[in-house]
1. Just to be sure before I move on: is K71 open to solvent by 30 Å² or more (accessible area, probe 1.4 Å), modelled with pLDDT under 95 and outside any helix (DSSP H, G or I) in the structure I sent?
2. Spot the failing condition for E63; the list is (1) without any contact (Cβ under 8 Å) to a residue 60 or more places away in the chain; (2) open to solvent by 100 Å² or more (accessible area, probe 1.4 Å); (3) not in a helix (DSSP H, G or I), and only one is missed.
3. Considering each residue of the stretch 50-60, count those that are without any contact (Cβ under 8 Å) to a residue 12 or more places away in the chain and either more than 9 Å from the chain's Cα centre (by Cα) or within 18 Å of Q16 (Cα to Cα) (or both), and give that number.
4. If only one of F46, F19 is out of contact with any Lys or Arg (no Cβ under 7 Å at 6 or more places or on another chain) and not small (G, A, S), which one is it?
5. Pairs needed: first member in the stretch 24-49, open to solvent by 40 Å² or more (accessible area, probe 1.4 Å); second member anywhere, part of a helix (DSSP H, G or I) and acidic (D, E); C-beta distance under 7 Å; at least 6 residues apart or different chains.
Amino acid sequence: MENRVEQLRKARGLSQEEFARAIRVSRQTVSSIETGKYNPSLELAFTISDFFGLAIEEIFVHERGVCDEKK
């Protein structure tokens with residue numbers, strides 16, 4: 001799943017550490033989300049979307065493959 005977390009965080013002028021404190025996770029968690037190594041729980045995704053004032057779909061993008069498409 002791709003996301004815009006790093007782009008949005010940087011636009012606010014926040015370091016990973018500052019953002020992590022704001023959403024109450026570790027800096028390593030933020031790093032892992034930004035690099036796509038970790039997909040956040042639904043609860044954390046809502047926390048992130050609330051922080052930025054955006055819908056989850058505006059931050060996290062699930063790219064469906066051909067096999068996933070319904071016919």
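1. yes
2. In the conditions (1) without any contact (Cβ under 8 Å) to a residue 60 or more places away in the chain; (2) open to solvent by 100 Å² or more (accessible area, probe 1.4 Å); (3) not in a helix (DSSP H, G or I), E63 misses (1) alone.
3. Counting residues in the stretch 50-60 that are without any contact (Cβ under 8 Å) to a residue 12 or more places away in the chain and either more than 9 Å from the chain's Cα centre (by Cα) or within 18 Å of Q16 (Cα to Cα) (or both) gives 4.
4. So the residue among F46, F19 that is out of contact with any Lys or Arg (no Cβ under 7 Å at 6 or more places or on another chain) and not small (G, A, S) is F46.
5. Filtered contacts from the stretch 24-49: R27/E17.
This table checks each residue for (1) part of a helix (DSSP H, G or I); (2) in contact with an Asp or Glu (Cβ under 6 Å, 6 or more places away or on another chain); (3) basic (K, R).
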position	(1), (2), (3)
K10	yes, no, yes
A20	yes, no, no
V25	no, no, no
T29	yes, no, no
S32	yes, no, no
K37	no, no, yes
T47	yes, no, no
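The values are calculated or read from the model by the stated rules, or taken from the named source; none is laboratory data. Keep in mind it's a predicted model, so treat the numbers as computed, not measured. Ideal geometry is used to build each Cβ from the backbone, glycine not excepted, and the neighbour counts take in all protein chains shown. We work out accessible area using only protein heavy atoms, side chains counted, and drop any ligands, DNA or RNA first. Shrake-Rupley method; radii C 1.70, N 1.55, O 1.52, S 1.80 Å.
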